[in-house]
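Q: Before we start, here is the structure in question, set down as structure tokens.
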Amino acid sequence: MHEVKMNRKKDKGFESPRPFKLTHQVVCINNINFQRKSVIGFVELTIFPTVVNLNRIKLNSKQCRIYRVRVNDLEAPFIYNDPTLEVCHHESKQRNLNYFSSAYTAAVSAVDPDAGHGELVIKVPSELWKQGDEMNVLKVYIEFSLDQPKGGLHFVVPDVEGSMAERGAHVFSFGYQNSTRFWFPCVDSYSELCTWKLEFTVDASMVAVSCGDLVETVYTHDMRKKTFHYVLPIPTAASNISLSVGPFEILVDPYMHEVTHFCLPQLLPLLKHSMSYLHEIFEFYEEILTCRYPYSCFKTVFVDEAYVQVSSYASMSIFSTNLLHSAMIIDQTPLTRQCLAQALAQQFFGCFISRMSWADEWVLKGISGYIYGLYLKKTFGVNQYRHWIKEELDKMVEYELKMGGVLLHPTFGGGKDKDNPTPHLHFSIKHPHTLSWKYYKMFQCKAHLVMRLIENRISMEFMLQVFNKLLSLASTASSQKYQSHMWSQMLVSTHSFLKSISNVSGKDIGPLIKQWVDQSAVVKFFGSFAFNRKRNVLELEIRQDYTSSGTQKYVGPIKVTVQELDGSFNHTLQIEENSLKHDIPCHSKSRRNKKKKIPLMNGEEVDMDLSAMDADSPLLWIRIDPDMSILRKVEFEQADFMWQYQLRYERDVVAQEESILALEKFPTPASRLALTDILEQDQCFYKVRQGACFCLAKIANSMMSTWTGPPAMKSLFTRMFCCKSCPNIVKTNTFISFQSYFLQKTMPVAMAQLRDIQNLCPKDVLNFILDLIKYNDNRKNKFSDNYYRAELIDALTNSLTPAISISNEVRTVDNLNGDVRLILEEITRSLNMEKLLPSYRNTITVSCLRAIRMLQKNGHIPSDPSLFKSYAEYGHFVDVRVAALEAVVDYTRVDRSSVELQWLLNMVQNDPAHYIRHKILSMLGKNPPFTKAAESPLCNEALVDQLWKLMNSGTSHDWRLRCDAVNLYYTLFGLTRPSCLPLPELGLVLNLKEKKAVLNPTIKPEQGLDTTEMTGNTMGVHIPVMGFTSSLDEGLITMETVSSVSMSSGVAPPPQGLKRKLDSVVGPLGSSSPEPGQVLQEEDTSKKFKIRFNTVEEDEIDMESPHDSQAFIHHHLNILERPSTPGKEPPAVDQAVLSLPVTPLPSSFGKESTSSSKHSGDHHHHHHHHEHKKKKKKKHKHKHKHKHESKDKERDSHAFSNSPASGRSVRSPSMSD
Amino acid sequence: MRESRSGCGKATSSPAENYQLARRRTLQVVVSSLLTECGFESAEKATVESLTEMIQSYISEVGRCAKAYCEHTARITPTLSDAVVTLNEMGFNVDTLPGYAKRSQRMVITAPPVTNAPVIPKALIAGQKRTHPSHIPSHFPEFPDPHTYIKTPTFREPVSDYQVVREKAASQRRDVERALTRFMAKTGETQSLFKDDVTAFPLIAERPSSIPYLSALLPSELELQTLEETDSSEQDDQTDSENTPDDPGADKENSVLLAGGVVPSVKVSEENMIDNPYLRPVKKPKVRRKK
């Protein structure tokens, strides 16, 4: 205990939620079967108890089948319960999202490792209890297997001839946040660090890449396999451990021999090229952080069907193979380098330095995003960097204004619902696993933007010093032994980070943190001004909107830059509570000295044509918060000529982009001229010029009647890219100047947006684009033109306008419009050529599919999803699939097709590629077939049930997917009970929480509505269940041990729906009748719900108390019938041969405990339940004589007749109703 | 002689043959008279025939050679000088000819009987024959038909106009592509955009691949080929003014991206020294431990 206290003292605030400390873990996977997609192995955790009498160890494990657990070589009984498998069990008719979200949060909390919980509870054999006093080491040994894992590990096994290695079969770990528990039992928390020994036995033709140093590779005795031994001496969280196995080609980095790259067979040339730049990223980070890369080696692995493009783990990163490219590809090159840079930044902050809790995640994401930004600035230039910052800021602001705020550092006061810091969201932000994916992306975005704000405040030098300090502390700590209790220095927390900042910089950034970190939402400014000629003063008015959703009030300094005739001047204004107007004295008189050059902010002096300006005012343009040092949206009003001056002469790309956006509203010849000038200026940043193209197209459309000369951009394009001798023919491609290349790609796309008076794309423009396609010649080019050609197809798509439909005639070939015929011919030919000569990433196919959908949508060709459906099938390149799926999603919405919706949802459930599943749901969310606001024939009860089932139990293997499903449900049905459901029998009930009467959200359970989810459980023989008596006063544990019976059907997956019996809580509801008391009862229950969560958080799970009648009976039976010692474990059989199926016992104590009597103090009713549950139920039945009486009876009878464990798993589906 | 005549008589039908026979008869007379001149009183028929043959060959050779000389100088009718050169070439001293012609004992031979000269089929007259320019004496042969000397190329000269070349290359490529894709579409499975007419705008049916990323990521052979070609002809490109970028400064920025393209060539010896755990040999298993 002394040690423990010391430990905590030294840890400076970090307190482990666990009664033990993990120091070392061995993971040994000794069989990976690609054919059956199964994995067998064991783990051994070395733990130090930190309390006397450590009797239970809670670990995380999902979907693993656990065969045996031993603690210090003694068989240990265990319980395996995963409440997230099925979130809501009982109330099959409960369909409101509020209910689901709170239940889901409760389920995740119940097994949250950061709170010390876990799915796997191991009872420490009593023989070892005394050792607790002596603080001896416990070694927890767990044998497990995975069979066709749906999450955590992904097998890619191409269906071709040959051995697994020849087929390019591979497997890799993946997950969103801490998801390691999906593939081996561990403490799946970012804050529980330990050292690692990892062993993987794989086929001799394969390579196993994992974290840490490869110590040796040894053949097995039959020489057909080899074992890779890895050691990771740096304390690392389990969540940062990964694995990938495959017939990888190996490339040792030519610049850094400790860095090794792995790719799938045949891709080595691409790997060589793509990785040739990595050393520069290494050098950059090491230089700015003045710290060496923390691990002794680094590995990059490129895999197919990756979950995300980039995922970083300790000393290795897993990338999507689609990032690889050859030297001929232009567009992918910067993207791939950015991904590499992100991965490497996360190696320092995220892998090496881990976080204390979820609330501290923003620090890691912020720092890694921030240093990645510095890399961008250095490599791609300041323009690109500022453009990126603006883009990120706009994206985030838009999201916050739409969805409500993003909160970086949530604090939860005691876990009460009332304290929910983000009531505007339809999900909880308490856990990473309950977050919407989009929210998480915006969270990361905001995190790095806030880091930039901190930098603005304390200077970059101090910022880097802080990072260096964090890293050096961590690296000192990492080399220490566990006993020194230094490891927690490797964890960053918001507190420690802020403390570091104040130590290093001496500045107080409290208000900044409070505003942007502890508080969600952004600022929305409206600015306007007037020039007072008499006083020579600029009267600036800055108003704020802080009442609409996602906004907050800003008080503090704001920078305003005023460009006057005499120069550019910065002013810092104070935004205060009630002051809207600010007077800014002007430096220049409004004189006209035409010969004088005008000095700009950057010291440059330029000649300007001042004729456009207001003669009385010296103001050229005004910018509010030009450095983006507030997370804000600014809507500023100034005259069109001011925007034009700003576009032409302000050198900051952000200002240029802002003025382009503003000029859309001023379709005048002057705007046209300004935009054209920018387009022609090759010193101008190419993205600004690209933006100018689209703006020019919009202006041209607004000026349609007065437009003179050829269509916008046409002569410009001709001058820049066509032959001088024959202006209608484009030059042969060289793409030597990338700026020109990007402009050449963009201009036709923008031009195609032009419309004439009939609202058609002008004939000139269409022919021009068709000529570009016709004369495109890439033979002399050393770069591929696939992206360019794809954009030309996009241009054709853009030129399409709705067909003139005389009647609802069927679209036929004959009545195809002539222009459309030409377009269609190009598309057909391009798409067909792709089959013969596929382009990089099939960009052209992607564009063609989009074009075809657009043709359908505009009524030129018959609307038909079958083509897209065939392209969306598994076996096409992922980009093609996504494009095709997007078309199907769009078709589903436009044609309100339930067949296609079903087809999509089916794919969400069955597609092998996780990314595709995620993508379908997010596309459906973005382009929903209907919304909660509108009526639709698609909206029906079956769909509600299907989606409910999907998020309730169908997506338990993938956090991200489940949250996607929740999002979609929200988009379609909203938070409350879907309107398409029949009204419940109970009319109105009182919702005391919201103090109003609402429709009863529940409905009487119906009999026979049996969801036969349990059919997956094909095991014929059931498992001997043992119990043991606890010597403590907690009562009994139902337990589950291994069945050693080997059977052919043993590969059956564990039952996915671990049905729980929430009878105790909802029982009375189920049989509710329209009595006045009933309403009360419901209220009561909902309160109980809350308590349930409390209990889970506050205390360890009270798993022993009997929560419902059945459990109670089971326990008793167990005691009577089963030996209490777990020693009677059947002998372990060779794992390689036998699969040992285990059904995790659906004991589900996590939630049941919530209704435990311990917390019944304030809830009389609750209490009552426990003691008299069984009776009460009967009473109910008796009273109301409900139709499900028979079922209840059945339930009871089961309790007595069946073997407890089997009885449970078999019956549970029916019981869930 | 009669016999020979009769021998040939049967065949004499065409005027051309008659003409030749008459000539030959004259030659025989010449041979006979020469023999008489030399003092022979009689000669065997065969001898006369042989000698006739020889003289005919000689004359033919003189004619052929003279013709060759004349054609060599781009004329069509031999002149005297052609004949002289020919005779000289054949080893005949021309100077002796006048003396020989004036010898006393020479015999005068009657002119061969007039026979119709064979009708030479009229050559196609194309165009107007040119008259002699003033510096050519009128006795020189006429100009031949214009078509015999005016150049009429049988192939077209390659078009060098840039626009036409581009136009042609583009339409050629398009035709090839269209034909190829049509062929593929006709011979394989297709998908259609229209229900009423499945043959309009046929799309080659997509075919799922087991390893879709390979074809999507690896450059096609065609592209690789192009890459090799452009690498070798890179220098040409830069001199091509039509295609040089307007912005010379751009190259500098681009080089940032391109710099990574070249992997340093690690020497073989150096590579052997790389100590990377993945390159180390796999160890043999240790002796099995007791379990």
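Q: Go through region A:328-353 and report how many residues are within 13 Å of chain B (Cβ to nearest Cβ), out of contact with any Phe, Trp or Tyr (no Cβ under 7 Å at 6 or more places or on another chain) and over 14 Å from residue A:738 (Cα atoms).
A: Residues in region A:328-353 being within 13 Å of chain B (Cβ to nearest Cβ), out of contact with any Phe, Trp or Tyr (no Cβ under 7 Å at 6 or more places or on another chain) and over 14 Å from residue A:738 (Cα atoms): 4 in total.
Q: In this structure, is residue A:521 closer than 24 Å to residue A:392 by Cα and among the small types (Gly, Ala, Ser)?
A: yes
Q: Checking residue A:206 against (1) away from chain B (no Cβ under 11 Å); (2) over 30 Å from residue B:224 (Cα atoms); (3) open to solvent by less than 30 Å² (accessible area, probe 1.4 Å), only one condition comes out false. Which one?
A: (2)
Q: If you don't mind, there's one more thing I want to ask. Could you please give the count of residues in region A:849-880 that are within 9 Å of chain B (Cβ to nearest Cβ) and within 21 Å of residue B:190 (Cβ to Cβ)?
A: 15
Q: With the checklist (1) modelled with pLDDT of 95 or more; (2) part of a loop (DSSP other than H, G, I, E, B) in hand, flag the one item residue A:29 doesn't pass.
A: Every condition holds for residue A:29 apart from (2).
Q: Here is a further query. Can residue A:353 be described as in contact with a strand residue (DSSP E or B) (Cβ under 9 Å, 6 or more places away or on another chain) and β-branched (Val, Ile, Thr)?
A: yes
Q: Could you identify the single residue in B:66, B:83, B:74 that is closer than 29 Å to residue B:146 by Cα, surrounded by 15 or more Cβ atoms within 10 Å (Cβ to Cβ) and under 32 Å from the mean Cα position of the chain (by Cα)?
A: B:66
Q: Going residue by residue through region A:738-749, is there one that turns out to be over 38 Å from the mean Cα position of the chain (by Cα) and open to solvent by 30 Å² or more (accessible area, probe 1.4 Å)?
A: no
Q: May I ask you to list the residues in region B:143-167 that are under 30 Å from residue A:836 (Cβ atoms) and either within 11 Å of another protein chain (Cβ to nearest Cβ) or surrounded by 14 or more Cβ atoms within 10 Å (Cβ to Cβ) (or both)?
A: Matches in region B:143-167: B:162, B:163, B:164, B:165, B:166, B:167.
Q: On to the next question. Determine which single condition residue B:178 fails, assuming it passes every other condition in (1) facing another protein chain (nearest Cβ under 7 Å); (2) of a type outside the set (Asp, Glu); (3) surrounded by fewer than 15 Cβ atoms within 10 Å (Cβ to Cβ).
A: Among (1) facing another protein chain (nearest Cβ under 7 Å); (2) of a type outside the set (Asp, Glu); (3) surrounded by fewer than 15 Cβ atoms within 10 Å (Cβ to Cβ), the lone unmet condition for residue B:178 is (3).
Q: Considering (1) more than 7 Å from chain A (Cβ to nearest Cβ); (2) acidic (Asp, Glu); (3) open to solvent by less than 60 Å² (accessible area, probe 1.4 Å), say which one residue B:206 fails and leave the rest.
A: The one condition residue B:206 does not meet is (1).
Q: Identify, from the list A:801, A:812, the residue that is at the interface with chain B (Cβ under 8 Å from one of its Cβ atoms), outside any helix (DSSP H, G or I) and out of contact with any helix residue (DSSP H, G or I) (no Cβ under 7 Å at 6 or more places or on another chain).
A: A:812
Q: Can you find a residue that is under 19 Å from residue A:607 (Cα atoms) and not charged (D, E, K, R) anywhere in region A:624-638?
A: no
Q: Got a sec? Which of A:168, A:151 is assigned to a loop (DSSP other than H, G, I, E, B), touching a residue at least 24 places away in the same chain (Cβ under 8 Å), within 14 Å of another protein chain (Cβ to nearest Cβ) and buried (at least 23 other Cβ atoms within 10 Å of the Cβ)?
A: Residue meeting the stated conditions: A:168.
Q: Name the single residue, out of those in region A:404-443 being modelled with pLDDT of 90 or more, within 18 Å of residue A:517 (Cα to Cα) and in a helix (DSSP H, G or I), that is most open to solvent (accessible area, probe 1.4 Å).
A: Looking at residues that are modelled with pLDDT of 90 or more, within 18 Å of residue A:517 (Cα to Cα) and in a helix (DSSP H, G or I), I get A:441.
Q: Just for region A:663-680: of the residues that are open to solvent by 10 Å² or more (accessible area, probe 1.4 Å) and among the hydrophobic types (A, V, I, L, M, F, W, C), which one is nearest to residue A:384 (Cα to Cα)?
A: The qualifying residue nearest to residue A:384 (Cα to Cα) is A:673.
Q: Further question on the same structure: Residues of region A:232-265 being touching a residue at least 24 places away in the same chain (Cβ under 8 Å), within 11 Å of chain B (Cβ to nearest Cβ) and touching an Asp or Glu at 6+ places or on another chain (Cβ under 8 Å), which ones?
A: Within region A:232-265, A:259, A:260, A:261, A:262, A:263, A:264, A:265 meet the criteria.
Q: Next up: Does residue A:488 satisfy the criteria of being open to solvent by 20 Å² or more (accessible area, probe 1.4 Å), in contact (Cβ under 8 Å) with a residue 60 or more places away in the chain and either aliphatic (A, V, I, L, M) or not in a strand (DSSP E or B) (or both)?
A: Judged against the criteria, residue A:488 is not a match.
Q: Something else: Do we find that residue B:198 is assigned to a helix (DSSP H, G or I), loosely packed, with under 15 Cβ neighbours inside 10 Å and more than 9 Å from chain A (Cβ to nearest Cβ) in this structure?
A: no
Q: Could you list all residues from region A:768-787 that are within 14 Å of another protein chain (Cβ to nearest Cβ), of a type in the set (Phe, Trp, Tyr) and closer than 22 Å to residue A:716 by Cβ?
A: Result: A:775, A:787.
Q: A further question on this structure: Picking from A:520, A:496, which residue would you name as being under 30 Å from residue A:47 (Cα atoms), at pLDDT below 95 and crowded, with 20+ Cβ neighbours inside 10 Å?
A: Among A:520, A:496, only A:496 is under 30 Å from residue A:47 (Cα atoms), at pLDDT below 95 and crowded, with 20+ Cβ neighbours inside 10 Å.
Q: For residue A:683, indicate whether it is open to solvent by 60 Å² or more (accessible area, probe 1.4 Å), within 14 Å of chain B (Cβ to nearest Cβ) and within 39 Å of the chain's Cα centre (by Cα).
A: So residue A:683 passes the test.
Q: While we're on this one: Return the residues of region A:449-461 that are buried (at least 18 other Cβ atoms within 10 Å of the Cβ) and more than 13 Å from residue A:509 (Cα to Cα); say none if nothing qualifies.
A: Answer for region A:449-461, where residues must be buried (at least 18 other Cβ atoms within 10 Å of the Cβ) and more than 13 Å from residue A:509 (Cα to Cα): just A:449.
Q: Write out, first by first residue and then by second, each pair whose Cβ atoms fall under 8 Å of each other, whose residues are 6+ apart or on separate chains, and whose first residue, in region A:717-733, is within 7 Å of chain B (Cβ to nearest Cβ) and within 13 Å of residue A:777 (Cβ to Cβ) while the second is of a type in the set (Val, Ile, Thr) and open to solvent by less than 20 Å² (accessible area, probe 1.4 Å).
A: Between residues of region A:717-733 that are within 7 Å of chain B (Cβ to nearest Cβ) and within 13 Å of residue A:777 (Cβ to Cβ) and residues that are of a type in the set (Val, Ile, Thr) and open to solvent by less than 20 Å² (accessible area, probe 1.4 Å), the close pairs are A:723/A:729; A:723/A:730.
Q: One residue is enough: does region A:821-837 have a residue meeting the conditions free of Cβ contacts under 8 Å to residues at least 12 places away in the same chain, within 23 Å of residue A:872 (Cβ to Cβ) and assigned to a loop (DSSP other than H, G, I, E, B)?
A: So far as region A:821-837 goes, yes, one or more of its residues are free of Cβ contacts under 8 Å to residues at least 12 places away in the same chain, within 23 Å of residue A:872 (Cβ to Cβ) and assigned to a loop (DSSP other than H, G, I, E, B).
Q: Of all residues in region A:172-203, count the ones that are open to solvent by 10 Å² or more (accessible area, probe 1.4 Å) and within 14 Å of chain B (Cβ to nearest Cβ).
A: Looking only at that region, the number is 3.
Q: So, of the residues in region A:829-839 that are buried (at least 23 other Cβ atoms within 10 Å of the Cβ) and within 7 Å of chain B (Cβ to nearest Cβ), which turns out to be farthest from residue B:212 (Cα to Cα)?
A: By that ranking, first place goes to A:831.
The values are calculated or read from the model by the stated rules, or taken from the named source; none is laboratory data. Nothing here was measured: the structure is a model prediction, and the numbers come from that model. Reconstructed Cβ throughout: ideal geometry from the backbone, glycine too, with neighbour counts over all protein chains shown. Surface areas here come from the heavy atoms of the whole protein model, side chains and all, with no ligands, DNA or RNA. Shrake-Rupley method; radii C 1.70, N 1.55, O 1.52, S 1.80 Å.
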